[in-house]
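To start, the structure itself, in structure tokens.
The values are calculated or read from the model by the stated rules, or taken from the named source; none is laboratory data. Here the structure is a predicted model, which means the values were calculated and not measured. Glycine gets a Cβ as well: all are built from the backbone with ideal geometry, and neighbour counts include every protein chain shown.
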Amino acid sequence: MPTIIRENGWSVHIYTDDHVPPHVHVTRPDGYAKVHLASDDGAPEIVKIRGLSDHEAWRALAIVYKHQQRLLHEWRNIHG
């Protein structure tokens, strides 16, 4: 599970043996969010939350949004 980004206590991971659609796992010690890298309108979308407040989930989404192009590039490098 490569860590692609570390930012303000958050880590963004892409699992090497994962599945489509392109998504990342955003973690911190007390919680987790799974975020699809592009929804129908092209924006990232949270699809699973565990142990995070609404505010923390929005923070995770903001990190993915900020780095969306890099994360899509890394996803394609890992998964083809």
- prompt: Residues in the stretch 41-80 that are free of Cβ contacts under 8 Å to residues at least 24 places away in the same chain, among the basic types (Lys, Arg) and under 19 Å from Asp30 (Cβ atoms): how many?
  reply: 2
- request: For the stretch 62-74, indicate whether the set of residues that are farther than 19 Å from Asp18 by Cβ, among the hydrophobic types (A, V, I, L, M, F, W, C), under 11 Å from the mean Cα position of the chain (by Cα) and at pLDDT 95 or above is non-empty.
  value: yes
